[in-house]
1. Looking only at segment 2-26, which residues are of a type outside the set (A, V, I, L, M, F, W, C) and assigned to a strand (DSSP E or B)?
2. Aliphatic (A, V, I, L, M), more than 21 Å from residue 20 (Cα to Cα), at pLDDT 85 or above and out of contact with any Asp or Glu (no Cβ under 8 Å at 6 or more places or on another chain): does that describe residue 126?
3. Anything in segment 89-100 that is modelled with pLDDT under 95 and not in a strand (DSSP E or B)? List them, or say none.
4. Here is a check on your reading of the model: is residue 37 at pLDDT below 95 and under 11 Å from the mean Cα position of the chain (by Cα)?
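The values are calculated or read from the model by the stated rules, or taken from the named source; none is laboratory data. This is a predicted model, so every value here is computed, not measured. We place every Cβ from the backbone using ideal geometry, glycine too, and count neighbours over all the protein chains shown.
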Amino acid sequence: MKTIVIGYDGSDAAERALARAADIAQVFSARLVVVSVSDSATVPATSGFGPVAPGGTVPLPKPLSAQEPEELARRQLERARMSLASRKVETDYLVELGDPAERLLEVADQWDADLIVVGSRERGFLERLLGHSVDEAVARRAERDVLLVH
């Protein structure tokens, strides 16, 4: 095993997946490629919506600049870098924009990855009703091994 690609979004599931991928990378002396994908439709937590006061109005959201999704992904990668600071793993960090599953699969192809690692969590009713998650899409479409970390 030479290269492991991991999708990272800063969630608890992603933190567990990052730790597992780093363990595997250390054992095999493999390169770890940490990818943070931000969908340009993602609205950051500071979107401008706030609580509504009694009899008040709801403020309009700030328009998203083209840099905000990329900046969000960079902050997530900085968090991953801090998590891996004590590990002796050769690591690359990539910011990607677009559909997370598509971008992870493309990065895995570009790097000829031996393994893709993604965090997985239990989905609620609405998520199951509306469609597949990133981990399910990657596992379904990948042409290489995928490790889903719960």
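1. Once the filter is applied, which keeps residues that are of a type outside the set (A, V, I, L, M, F, W, C) and assigned to a strand (DSSP E or B), segment 2-26 yields 3, 7.
2. Against the criterion (aliphatic (A, V, I, L, M), more than 21 Å from residue 20 (Cα to Cα), at pLDDT 85 or above and out of contact with any Asp or Glu (no Cβ under 8 Å at 6 or more places or on another chain)), residue 126 does not qualify.
3. 98, 99, 100
4. Spelling it out, residue 37 is indeed at pLDDT below 95 and under 11 Å from the mean Cα position of the chain (by Cα).
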